[in-house]
Every structure is written in C-alpha cells, then in structure tokens.
Amino acid sequence: MSESVHDYMIRLGRAARDASRQLARVDTAQKNRALEAIAAALDASRAALIAANERDVANAQANGLQAAMVDRLALTAARIDDMIEGLRQVAKLPDPIGEIRDMRHLPSGIQVGKMRVPLGVVGIIYESRPNVTIDAASLCLKSGNATILRGGSEAIHSNQAIAHCVALGLAEAGLPAAAVQVVETTDREAVGALIGMPEFVDVIVPRGGKGLIERISRDAKVPVIKHLDGVCHVYIDKAADVEKAVRVADNAKTQRYSPCNAMETLLVHRAIASDVLPALATIYLEKGVELRGCPATCELLGQNVIAASEGDWFAEYNAPILAIRMVASLDEAIAHINHYGSHHTDAIVTEHFSDARRFLAEVDSSSVMVNASTRFADGFEYGLGAEIGISTDKLHARGPVGLEGLTSEKYVVFGNGHVRT
Ligand SMILES: NC(=O)C1=CN([C@@H]2O[C@H](COP(=O)(O)OP(=O)(O)OC[C@H]3O[C@@H](n4cnc5c(N)ncnc54)[C@H](OP(=O)(O)O)[C@@H]3O)[C@@H](O)[C@H]2O)C=CC1
Ligand SMILES: N[C@@H](CCC(=O)OP(=O)(O)O)C(=O)O
C-alpha cells in the first residue's frame, strides 16, 4: 500500500459518506437485487472462497490459534450455503426504511410523525469469522447504511474474497461500490482511524473482547454500540423443575462452546443442589467439560470438580470449562450476576412466578430469560431475521441488533403553509 493507513481510511470514509447519501434514496427492490446478486456471486465463487479461506486457516494453525477459533474461521461448503441463505432471508425481510408512524394532527394544524431512516455510515470491527462479513454487509445494505468492515486479521484473505463477491453484486444492482467496503489491511492503525473520523462515520459497532473495548472506549470520537463479551449465567432456583433445569443448563453450556451467549457460570440454590448437580456433572464430564466449583460444590461433587478462584467468576472461557457456585438465595444469585457478569444474557430456571419476575426486573443484562437457554440470545432466534451482533450497551440498541437497530427515526412535519404564531 503506497498511501499511509490513515490516508487510506480517510479515502474509505469519504467514499462511504458519499455512498450513504445515495443509499438513502435507493428503493427496496434495488437493495434486494443487490442482496440476490451477492448471493449469486458467492455461489459462483465457491472455489475461490474456499482457497482463500484455506490460506487463512493454514496461517492460523501455523500461528497456533486455538482450535475453537480456527473452527470459527473455517469456511466450509455448508457455511457458504448459510451465507447465501442468509442473504436471501435478509432480502425477504420487510424494509424498515421510510416507514412513517404516529402521524398526529396538532391544534396548530400541522401533522407530525416519525420516519425511519438509516444511521448513515456504520463501521464494524469484528472477530475472525468470515460469515460475519456477509451478515454485517447484508443488514447494513438492507437498512440503507453504507458500511466499512474491519474483520479479524486471521480472516483477511477470506474477507477479501467475500468483498470481491459483494462488489460484483453491488455493481450488478447499480449500487455504489463504496456501499460496502472491507478494509484491506490488518494494520490496527486502521481501527484507530475508523473510530476517529466522525465526519465520515456515524456509529461504530465493536464486536470483541476486553482489549478491543478498552481501545475503543479510550480513543473513539464516533458514537459506539458495544457488542462485548458474554459472561452468561444460568441460575437454578430452589423452585426449579429438575428436568427443565438439567436440560437448560446442559444446552446453555454444551450446545456450542465459543459463542458469546454460552453459559460460563452456573449458579445453583443450595436447597436443590443435590437434586440437580450430580446429574448435570455426569453430563458435563461425559462431554469433556472441566468443572470449577465453589467450596460447597467441590464438597458435593468431590474429585470431579476443581476449586474455582475469584478470577473464574469473571471468566469468559469460550471453551468447555464451567464455573459452578452454590448460593443461599435469589438475592445472592442476582447480586453475583450483576457483579461478575458482563450484562449480556442471563437465565433463571424456576417454577416460582415471583422469583421469575424479580429476576427479570433486577438482573441488569441485555437479555434475561426464564426457563430457557442463554443460547437463544440471537437475532435469528428472536425473529429479527439476522443480527449484527448482541449489543451489551444500553443506548440506542440493546441485545440482538437487527435491521431496526441500524436505523433511527426523525420527525416529519406536514403543513400547508402553516406558520407558528
Ligand atoms: N456481543 C457480541 O455480539 C459478540 C461478542 N463477541 C466477543 O468477542 C470475543 C471473542 O472474539 P475475539 O476474536 O477473541 O475478539 P478480539 O477482541 O480479540 O478481536 C475482535 C476484533 O477486534 C480487533 N481488536 C482487538 N483488540 C484490538 C485493539 N486493541 N485495537 C484494535 N483492534 C483490536 C481484532 O483485530 P485483530 O485481528 O487485529 O486482533 C478483531 O478485528 C469474545 O469476548 C466474545 O464474547 C464475539 C461475537 C459477538
Ligand atoms: N448470534 C450468535 C452468537 C453471537 C456470535 O456470533 O458469537 P461468536 O461465535 O462469538 O462470534 C449465535 O448464537 O449463534
């Protein structure tokens, strides 16, 4: 690259801003044509996508990347099918842009309502998971936003191959190439530039862990919707149905280990611990999950569990490791979650209506659940069609962010020569 990273990012930013103005006036049919054309381009480029991904996976393995992370990075035929299907599903979703609601006639004679509009330019920084490039591109496109995508460095070749397909689809639909731009360098200076140009970027979505968020919180000059780590809990209440508790706690931990919505700490009311924990421990141990427990858990489960340290209660393992703690009350469970959790997703298993209501009201997380697995915290599972990720912020969007989360509303006013007196 002959220009500096900073100048390169400014060029991307300026082009994105121009593209966002054009996208704001594009109709639904044209956006859907682009989504379908990108899907067709992916389908026609399977060999190139797999070859680019093999380079990334080989580099990642040579650099000692953890197996779970390599799995996230890998593009298989089935994952390419999923990306294609995802694009087609987003094309089928209702277009939120331009929707006008709450029109009211006011005593002055004017009519006032709200119209849904794109945010403008969305910058997304995310992990080395190539399918996210398509999820993010498709949702931003459908919601009329231009986007600048900065994926994880291990996925650079896969993302460039996907970017090529996106460019083909945009061109075929007559949309500007800068509607979706995938950053071509792995230099983290590009992240610094992206979060420092409010004149070109309206919002930054960082998906990642603590290191990323420390940097963003320190340096960003652009509004941020944080998509952070998931230290998610299941609390088995003393009034839980044992069979439901085992099913939910098993699924929340073992259905997939790496997603941010997988359970990392299991809290169990001590009055029910001897009914549920031995059965759960058998399941976890059969599946190869390492158990780390509080002293009471160690006493109950014996040699099958090792002693947890204070750090375990804060840990996001993204791996087959589970921290288990017995609590004496619902209050203690709620206090534990609010102190050690990451405000992502937490669930209670209980048949007790008032305990469930208290949990929903008092646990300060983006999704709170009753008798359901934390793994449900997902845009598709919530009926949003797809998601950019799961916002752990409270402002603008909280929880799984779909099309609506990528928009805002402006007031629209109709008069007929009305003036204010
Ligand atoms: N809430 C949500 O929706 C989601 C949250 N996550 C969370 O992401 C984490 C796992 O992903 P992982 O890949 O390890 O996350 P990382 O935070 O390591 O990386 C994510 C992205 O951020 C970049 N990055 C990280 N640190 C910095 C920094 N200091 N300056 C600039 N860029 C930086 C990475 O770039 P580089 O490649 O250069 O390292 C990468 O593009 C987990 O905590 C998981 O819970 C994951 C998915 C969704
Ligand atoms: N929505 C996702 C979880 C979020 C996500 O993508 O997480 P990750 O696997 O950490 O990149 C799911 O449940 O599949």
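Key figures
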{"read-out": "Relative packing of peptides 203-211, 346-354, 145-153 - highest average C-beta neighbours within 10 Å first", "value": "145-153, 346-354, 203-211"}
{"read-out": "Unit Cα scatterers, Debye sum, the chain: log10 I(q)/I(0) for q = 0.07, 0.08, 0.10 Å⁻¹", "value": "-0.39, -0.50, -0.75"}
{"read-out": "Residue-span extension gain [Glu99 to Arg256] - 0.36 nm each, minus C-alpha spacing", "value": "52.8 nm"}
{"read-out": "Cα-based shape type of segment 232-376, given that a ≥ b ≥ c are square roots of the gyration tensor eigenvalues and the cut on a/c is 1.5", "value": "rounded"}
{"read-out": "Sulfur and carbon atoms: percent of accessible area, the chain [1.4 Å]", "value": "51"}
{"read-out": "Packing rank of 71-78, 306-313, 6-13, 118-125, where each peptide gets the mean count of other beta carbons within 10 Å, highest leading", "value": "118-125, 6-13, 71-78, 306-313"}
{"read-out": "Arg420-Glu199 FRET efficiency (beta carbon distance; Förster radius 35 Å; 0.05 resolution)", "value": "0.60"}
{"read-out": "Under 13 Å between alpha carbons - lysine pairs in the chain that sit 8 or more apart or on different chains", "value": "7"}
{"read-out": "Sites Lys394 and Ala67, calculated FRET efficiency, Cβ-Cβ separation with R0 51 Å, nearest 0.05", "value": "0.90"}
{"read-out": "Separation of the Thr76 and Leu285 label points, Cα + 7 Å toward Cβ, nm", "value": "3.0"}
{"read-out": "Label-point gap, in nm, between Tyr382 and Lys114 - each point 7 angstrom along Cα→Cβ", "value": "1.7"}
{"read-out": "Probe 1.4 Å, protein heavy atoms only - accessible area per residue of segment 238-327 in square angstrom", "value": "42"}
{"read-out": "Simple Cβ-charge dipole of segment 232-376, Lys/Arg +1 and Asp/Glu -1, about Cα centre, in debye nearest 20", "value": "280"}
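The values are calculated or read from the model by the stated rules, or taken from the named source; none is laboratory data. Not measured: the values here are computed from a predicted model. Cβ: placed from backbone, ideal geometry, glycine included. Neighbour counts: every protein chain shown. For the accessible areas, the whole protein counts, side chains as well, though only heavy atoms, and no ligand, DNA or RNA atoms are used. Shrake-Rupley method; radii C 1.70, N 1.55, O 1.52, S 1.80 Å.
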